[in-house]
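The values are calculated or read from the model by the stated rules, or taken from the named source; none is laboratory data. These figures come from a predicted structure and were not determined experimentally. Quick reminder, even Gly has a Cβ in these numbers, built from the backbone with ideal geometry, and neighbours come from all protein chains shown.
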Amino acid sequence: MQTYSKLGFLCLLSFGLVACDQITGFNSTSNTADQTKSPAVTLDPKAEFHLFIDFQNKNNAKIATLNQEIAHVTQSGDMANLAPLVNKFSTEINGIVKELDTLPIYSAEVLKLKEKAKILLVMSTEVLNENVTLHHHPSPEGSKALLQKRDILLKITNEFAQMNDELMQKYGPPPQP
């Protein structure tokens, strides 16, 4: 069961990294002109998509670092340090979700992508927490529930990647400063 939990845990981490990599295949910096624009008057889906991509680029390193720390602790077998790290991961993800809520995105297609990203982040945290719980209290029912949730997370990840790719083709990457 311990090996199964570790493999499942590492699989989850790879999904997080895949999701981060699906968002962008390039590096860009934040475009402050897009961030200071008044959100109420006109919809500009292209600018909103670029704002979303800039936000994701800003947070990719943070998420990747947390995933690496969790993978290192898991691989080392130091499970005593895993729970505080998972709490740190959850706190960081909750902060990212709250910050994502403040992005001035109003166009339907980009808003749909933003909401899918929030679901993906929250569900990743839930699956991670459930995996740690299952490691400490293994059960066949818990394993089955975790696998079902993992499958849902995979589906959401694929939907997010597809939506992101479609918008990237439609609007292109943000302009480089």
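Structure notes:
- Failed item, numbered, when Thr133 is tested on (1) touching a Gly at 6+ places or on another chain (Cβ under 8 Å); (2) in contact (Cβ under 8 Å) with a residue 40 or more places away in the chain: (2)
- Exclusive hit being closer than 17 Å to Ile63 by Cα, in contact (Cβ under 8 Å) with a residue 12 or more places away in the chain and among the polar types (S, T, N, Q), set Ser143, Ser107, Ser124: Ser124
- Residue within segment 73-87 that is surrounded by 14 or more Cβ atoms within 10 Å (Cβ to Cβ), in contact with a helix residue (DSSP H, G or I) (Cβ under 9 Å, 6 or more places away or on another chain), closer than 23 Å to Leu154 by Cβ and modelled with pLDDT of 95 or more present: no
- Boolean, Pro138 is in contact (Cβ under 8 Å) with a residue 60 or more places away in the chain and in contact with a helix residue (DSSP H, G or I) (Cβ under 7 Å, 6 or more places away or on another chain): no
- Ser143 among the small types (Gly, Ala, Ser), under 25 Å from Lys88 (Cα atoms), touching a Gly at 6+ places or on another chain (Cβ under 8 Å) and at pLDDT below 95: no
- Qualifying residues in segment 127-177 (those that are over 13 Å from Phe49 (Cα atoms) and acidic (Asp, Glu)) - the one farthest from the chain's Cα centre (by Cα): Glu141
- When Ile156 is tested against (1) more than 22 Å from Asn67 (Cβ to Cβ); (2) surrounded by 17 or more Cβ atoms within 10 Å (Cβ to Cβ); (3) out of contact with any His (no Cβ under 8 Å at 6 or more places or on another chain), only condition (1) is not met.
- Which listed residue, of Lys58, Lys118, is charged (D, E, K, R), closer than 19 Å to Asp165 by Cβ and either in contact with a Cys (Cβ under 9 Å, 6 or more places away or on another chain) or surrounded by 14 or more Cβ atoms within 10 Å (Cβ to Cβ) (or both): Lys118
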